[in-house]
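Written below as structure tokens is the structure these notes are about.
The values are calculated or read from the model by the stated rules, or taken from the named source; none is laboratory data. For clarity, every value in this text was computed on a predicted model and none was experimentally measured. Every residue, glycine as well, gets a Cβ built from its backbone with ideal geometry; the counts of neighbours run over all protein chains shown. Note: areas computed on protein heavy atoms with side chains; ligands, DNA, RNA excluded. Shrake-Rupley method; radii C 1.70, N 1.55, O 1.52, S 1.80 Å.
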Amino acid sequence: MKTQQEYEEILRPLLSKKRLHHSICVADAAVRLAKRWGADENKAYTAGMLHDIMKDTPPEKQLKYMQEFGIILSDIQKKTPKVWHQMCGAGYLEHRLHLNDPEILDAVRYHTTGRAGMSLLEKVIFTADYISDDRDYDGVEELREAAFCSLEEAMLIGLSFTVEDLASQKLPIAADTFMAYNECTLQRNGSKK
Ligand code: DGI
Ligand code: FE
Ligand code: FE
């Protein structure tokens, strides 16, 4: 486990000031959620700090990295470049920074899309990214409150928001996003019966 300063030194050459600030805010939210829901606080901090490590890397360079790391894109994935930074980020952490904790790598790998069967740490990072202090969108307060009442309910609100937003722009939606969304709705309806 590195200190905040050490993580900042890793991230500073790769991220804009704003994105570095976002990463610090997500790490902070992730630790608060980890405390609330009993996830590993150190892993939550690390994954939160590093989750967007490839976000400011140009798409062409991300493609090169993914080739180097042996990441093969599906046809839909090829058409969703905004999602690449999650896979490329996990690959970069593993192959360039030699971070080998599979839980942290998966939390980064699915932080944008989510997926079915997410681990607690994956849910914590996914949700922290929506509620971090730097976020300011309509409904963020509602999501912040929800996240401390039910992580799954907060995820469903976040996923619905993302699916609606993408569909309104007629953008392709990642298969994992739908799988995560469906699982959240099914669990919720199941628990109501
Ligand atoms: O990296 P952040 O901005 O902190 O947040 P993020 O990793 O959730 O990325 C959000 C961006 O990714 C936003 O521009 C919407 C886009 N995105 C998320 N899921 C999908 C997607 N874009 C497409 N086309 N399809 C998706 O399923
Ligand atoms: Fe991201
Ligand atoms: Fe983020």
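Observations, loosely collected:
- Among the residues examined, LYS18 qualifies as within 15 Å of ligand 2 (Cβ to nearest atom), more than 16 Å from the chain's Cα centre (by Cα) and open to solvent by 90 Å² or more (accessible area, probe 1.4 Å).
- The set of residues from region 86-124 being in contact (Cβ under 8 Å) with a residue 24 or more places away in the chain and under 19 Å from VAL163 (Cβ atoms) comprises GLN86, TYR110, HIS111, THR112, THR113, GLY114, ARG115, ALA116, GLY117, MET118, LYS123.
- Subset tally (residues that are over 16 Å from the mean Cα position of the chain (by Cα) and within 21 Å of ALA154 (Cβ to Cβ)) for region 168-186: 5
- If the condition is being under 14 Å from ASP101 (Cβ atoms), open to solvent by less than 10 Å² (accessible area, probe 1.4 Å) and among the small types (Gly, Ala, Ser), then region 21-51 contributes ALA44, ALA47, GLY48.
- Residue check, ARG32 under 22 Å from SER132 (Cβ atoms), among the charged types (D, E, K, R) and away from ligand 1 (no atom under 13 Å from the Cβ): yes
- Taking the listed residues ASP176, ASP165, ASP133, the one that is touching a Ser or Thr at 6+ places or on another chain (Cβ under 7 Å) and among the acidic types (Asp, Glu) is ASP176, with no other qualifying.
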